[in-house]
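Worksheet for the structure shown next.
The values are calculated or read from the model by the stated rules, or taken from the named source; none is laboratory data. Please read all numbers here as calculations on a predicted model, not as lab measurements. Because the Cβ atoms are built from the backbone with ideal geometry, glycine has one as well, and the counts that use them run over all protein chains shown. Heavy atoms of the whole protein, side chains included, go into the accessibility calculation; ligands, DNA and RNA do not. Shrake-Rupley method; radii C 1.70, N 1.55, O 1.52, S 1.80 Å.
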Amino acid sequence: MNVIQVNDLTKKYGRLTAVDRISFSVDAGQVFGFLGPNGSGKTTTIGMLLEIISPDGGDIRMFEQYDRGQLHHARKRVGATLETPNFYPYLSGRENLRVVARIKEVDERAIAAALDAVGLATRAGDAFSRYSLGMKQRLAIAGAMIGNPDLVILDEPANGLDPAGMREIRDIIKGLAAQGKTIFVSSHLLHEVEQTCTHVAIIKKGRILMQGSLASLIGGHTIAVLRADDMERLRTAAASYAGAASVDVDKEGVIVDLADPNLATLNEYLSSQGVFLSYLAPRKQSLEDVFMELTQGGNRNVGAAA
Amino acid sequence: MNIIRKLFSIEWIKIRRRSVFWVVVGVHIMLLAVSLGIQQYMHAVKPTNSPFQLPADWMILIQIGSQAGMLLLLIGVTLLIASETAWRTQRQNVIDGLSRGEYFAGKILIVLLLAGIFWVDIIVVGLIIAPFGGEGSLTWPVLSPIAQQMLPNVLLYLLALGVTAFMCGMLASTSGAALGMILAFVMIQPLISGVMIARGGYLPVISRYLPMDVFSNLVSVGSYDAERLALMNERILSRKMPALLSLHTSQLFTVIYIAVFIGFTWFIFRKRDL
């Protein structure tokens with residue numbers, strides 16, 4: 001089932017186009033990472049999904065509902081946080097969740113379950129203003145979980161957290177995913193996304209540069225690290241190899257992005273060019289490699305991957 | 001669940017722990033009690049001073065109650081509503097599932113609640129303090145004809161003030177800005193009125209229809225005492241100023257202002273990104 005379907009979504013602030021005709025879809029059960037540098041349009045996009053920001057163009061379907069009234073009804077199946085955790089500072093964690101439960105018309109027993117799930121049960125009576133940032137983030141996730149939503153949208157949930165806090169959030173997301181919920185999480189923390197998401201979309205300056213399953217994005221190319229006595233000759237020879245999509249040099253050696261994953265063929269070719277390798281190793285391409293390549297103005301021409 | 005009950009229960013969770021709510025209500029009660037209590041005390045120490053009595057002194061009670069309540073109600077409603085924008089809980093409430101209309105209606109309920117509480121304060125404090133004036137200071141039927149006429153208009157006056165504060169609270173992005181707006185609204189209007197009167201032509205007549213002028217007519221003594229109104233108008237007309245509005249006109253324009261303020265606020269809120 002298609003949980004989110006966005007077509008040509010656009011938002012302009014004066015002359016600035018914050019979101020520029022983006023399209024993407026999220027299917028049921030996916031953990032969808034929405035990646036982009038700060039100011040790339042992630043929060044604006046989520047705001048439009050949640051109907052708190054009015055789009056200037058395009059359309060949004062949620063749970064395959066398009067009509068405005070039905071869309072509002074569909075949003076009742078969504079739990080979400082946007083930017084910072086937004087709660088009443090003078091109310092306790094429990095009372096803040098009571099507000100959420102009343103809004104969602106959910107039995108108040110759900111509050112205890114949500115607090116338990118995020119490990120806040122023992123501090124539920126404390127005022128929100130006295131919570132640490134990590135606790136605030138967890139309370140926000142607890143709020144999003146109330147009502148057992150089918151879709152959980154989390155905007156930068158690990159923002160500002162220490163490693164332990166990030167791990168807690170990651171575990172919570174994995175726990176939600178294990179329950180079969182669809183999760184849409186925006187972040188600029190690539191390592192976090194790589195560890196939790198099944199699918200990603202990368203957005204920059206309001207445009208989606210790439211989207212697809214994580215496996216297809218980072219597994220589509222093979223990276224080889226090469227070293228030889230004459231590095232310059234190695235670089236020139238590697239660049240002339242027909243199977244090389246790109247060639248770079250870094251402190252590890254010559255980095256070759258290969259369309260053909262067969263390293264033996266590459267080695268054979270270089271030998272034929274009089275270059276004998278002292279080091280040849282495949283390197284797994286990380287999401288960070290893909291992200292940096294795309295957002296730092298890399299020239300890889302990639303379409304939407306399945 | 002009935003939607004009004006649902007919205008009220010949400011708002012009640014929010015405001016019952018909010019100190020500003022209890023402070024404005026408490027200060028209003030205290031101001032009323034102290035003002036009337038002083039009158040009773042003065043009578044006790046010097047019996048020639050008249051005590052506060054009901055039903056004779058409804059007009060005094062309403063004057064004190066509405067004047068004491070004006071600033072408190074404006075500040076209370078403004079802060080209770082504007083802080084939701086500053087804390088971004090307005091946005092979160094919508095994310096959690098309230099429609100904009102429901103959120104908006106919830107805030108109207110706060111206006112109704114506070115205006116209602118202030119209105120009840122005036123009556124209850126009056127009824128509690130009056131017997132301290134000695135024998136005969138509270139006699140039945142306690143609701144005189146003039147009280148029956150005034151009390152609904154007092155409620156309308158409080159609602160109009162509440163809606164004005166609601167508008168500022170909803171439109172401003174911070175509590176400070178909202179308070180600035182409402183205080184400017186209250187303080188600048190007499191100046192505008194003065195300028196309009198000084199300019200002459202149709203402007204002095206129009207100045208009588210400015211919101212705060214119209215609202216204050218609802219609790220003005222002259223609106224309920226024909227003789228006093230005639231006297232006031234005689235003095236006003238002798239200074240070549242337009243006569244005061246009649247009570248009916250003031251009621252009508254107050255209702256119009258309430259509708260316009262709510263409609264304008266909704267128009268902006270409905271379209272605004274949260």
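Suppose we filter B:ILE182, B:ILE188 for residues that are under 28 Å from B:LEU80 (Cα atoms), assigned to a helix (DSSP H, G or I) and open to solvent by less than 20 Å² (accessible area, probe 1.4 Å); which single one remains? Don't jump to the end; show me each part of the working.
Working: B:ILE188 fails: open to solvent by less than 20 Å² (accessible area, probe 1.4 Å).
That would be B:ILE182, the only listed residue that is under 28 Å from B:LEU80 (Cα atoms), assigned to a helix (DSSP H, G or I) and open to solvent by less than 20 Å² (accessible area, probe 1.4 Å).
B:GLY65 is checked against (1) in contact with a Phe, Trp or Tyr (Cβ under 8 Å, 6 or more places away or on another chain); (2) touching a residue at least 24 places away in the same chain (Cβ under 8 Å); (3) more than 30 Å from B:SER144 (Cα to Cα) and fails just one. What number does that condition carry?
(3)
Out of all the residues in the range A:37-71, which are surrounded by 20 or more Cβ atoms within 10 Å (Cβ to Cβ), touching a Leu at 6+ places or on another chain (Cβ under 9 Å) and among the small types (Gly, Ala, Ser)?
Result: A:GLY47, single match.
Just checking, does the range B:61-79 include any residue being modelled with pLDDT of 90 or more, assigned to a helix (DSSP H, G or I) and within 14 Å of another protein chain (Cβ to nearest Cβ)?
Checking the range B:61-79: at least one residue is modelled with pLDDT of 90 or more, assigned to a helix (DSSP H, G or I) and within 14 Å of another protein chain (Cβ to nearest Cβ).
If B:LEU143 meets every condition in (1) open to solvent by 30 Å² or more (accessible area, probe 1.4 Å); (2) over 22 Å from the mean Cα position of the chain (by Cα); (3) touching a residue at least 60 places away in the same chain (Cβ under 8 Å) apart from one, which number is that one?
That leaves (2) as the condition not met.
Looking at A:ALA215, A:ALA244, A:ALA237, can you tell me which residue is among the hydrophobic types (A, V, I, L, M, F, W, C), open to solvent by 20 Å² or more (accessible area, probe 1.4 Å) and farther than 30 Å from A:GLY175 by Cβ?
None of the others qualify; the one that does is A:ALA244.
Could you tell me which numbered condition A:LEU258 fails, if it satisfies all but one of (1) touching a strand residue (DSSP E or B) at 6+ places or on another chain (Cβ under 6 Å); (2) of a type outside the set (Gly, Ala, Ser); (3) open to solvent by 20 Å² or more (accessible area, probe 1.4 Å); (4) under 30 Å from A:PHE32 (Cβ atoms)?
(3)
Among the residues of the range B:162-177, is any modelled with pLDDT of 95 or more, open to solvent by less than 10 Å² (accessible area, probe 1.4 Å) and hydroxyl-bearing (Ser, Thr, Tyr)?
Yes, some residue in the range B:162-177 is modelled with pLDDT of 95 or more, open to solvent by less than 10 Å² (accessible area, probe 1.4 Å) and hydroxyl-bearing (Ser, Thr, Tyr).
Where in the range A:1-112 are there strands (runs of 3 or more DSSP E), lying fully within it, with 3 or more residues that are more than 13 Å from chain B (Cβ to nearest Cβ)?
A:2-13, A:16-27, A:31-35, A:57-62
Can you name every residue in the range A:6-28 that is farther than 13 Å from A:GLN211 by Cβ and out of contact with any Gly (no Cβ under 6 Å at 6 or more places or on another chain)?
Passing the criteria: A:LYS11, A:LYS12, A:TYR13, A:GLY14, A:ARG15, A:LEU16, A:ARG21, A:ALA28.
What helices (runs of 4 or more DSSP H) completely inside the range A:224-298 contain at least 3 residues that are among the basic types (Lys, Arg) and modelled with pLDDT of 85 or more?
Passing ranges: none, list empty.
Would a scan of the range A:121-143 turn up a residue that is closer than 29 Å to A:ALA28 by Cβ, more than 9 Å from chain B (Cβ to nearest Cβ), open to solvent by 40 Å² or more (accessible area, probe 1.4 Å) and under 21 Å from the mean Cα position of the chain (by Cα)? Quick ask: steps written out before the conclusion?
Of the residues in the range A:121-143, the ones closer than 29 Å to A:ALA28 by Cβ are A:137-143.
Add one more test, that the residue is more than 9 Å from chain B (Cβ to nearest Cβ), and what stays is A:137-139, A:141-142.
With the extra rule that they be open to solvent by 40 Å² or more (accessible area, probe 1.4 Å), the set shrinks to none.
No: zero hits.
Might you check whether a residue that is free of Cβ contacts under 8 Å to residues at least 60 places away in the same chain, under 21 Å from B:ILE117 (Cα atoms) and outside any helix (DSSP H, G or I) occurs anywhere in the range B:1-22?
yes
With the structure loaded, tell me whether B:VAL23 is more than 13 Å from B:GLY169 (Cβ to Cβ), within 14 Å of another protein chain (Cβ to nearest Cβ), touching a Lys or Arg at 6+ places or on another chain (Cβ under 8 Å) and of a type outside the set (D, E, K, R) or whether it fails that test. Please lay out each step first, then the result.
Numbers: more than 13 Å from B:GLY169 (Cβ to Cβ): yes; within 14 Å of another protein chain (Cβ to nearest Cβ): yes; touching a Lys or Arg at 6+ places or on another chain (Cβ under 8 Å): no; of a type outside the set (D, E, K, R): yes.
It is false that B:VAL23 is more than 13 Å from B:GLY169 (Cβ to Cβ), within 14 Å of another protein chain (Cβ to nearest Cβ), touching a Lys or Arg at 6+ places or on another chain (Cβ under 8 Å) and of a type outside the set (D, E, K, R).
Testing A:VAL193 on (1) surrounded by fewer than 23 Cβ atoms within 10 Å (Cβ to Cβ); (2) closer than 30 Å to A:ALA18 by Cα, one condition comes back false. Which one is that?
Looking at each condition in turn, A:VAL193 falls short on (1).
Condition test on A:VAL19, is it surrounded by fewer than 24 Cβ atoms within 10 Å (Cβ to Cβ) and either among the charged types (D, E, K, R) or over 17 Å from A:PHE291 (Cβ atoms) (or both)?
Considered against the rule, which asks whether it is surrounded by fewer than 24 Cβ atoms within 10 Å (Cβ to Cβ) and either among the charged types (D, E, K, R) or over 17 Å from A:PHE291 (Cβ atoms) (or both), A:VAL19 comes out as no.
Scan the range B:107-140 residue by residue and report those that are open to solvent by 10 Å² or more (accessible area, probe 1.4 Å), part of a loop (DSSP other than H, G, I, E, B) and not acidic (Asp, Glu).
B:GLY134, B:GLY136, B:THR139, B:TRP140
What tally of residues in the range A:72-98 results from selecting those that are under 21 Å from A:SER25 (Cβ atoms) and either in contact with a Ser or Thr (Cβ under 9 Å, 6 or more places away or on another chain) or open to solvent by 20 Å² or more (accessible area, probe 1.4 Å) (or both)? Before you say what the answer is, go through the steps one by one.
As a first pass, look at the range A:72-98 and keep what is under 21 Å from A:SER25 (Cβ atoms): A:72-80, A:82.
When the remaining residues are screened for being either in contact with a Ser or Thr (Cβ under 9 Å, 6 or more places away or on another chain) or open to solvent by 20 Å² or more (accessible area, probe 1.4 Å) (or both), the result is A:72-73, A:76-77, A:82.
Total meeting the criteria: 5.
With the condition kept exactly as written, say whether any residue in the range B:231-242 is open to solvent by 80 Å² or more (accessible area, probe 1.4 Å) and within 22 Å of the chain's Cα centre (by Cα).
Looking through the range B:231-242, none of the residues is open to solvent by 80 Å² or more (accessible area, probe 1.4 Å) and within 22 Å of the chain's Cα centre (by Cα).
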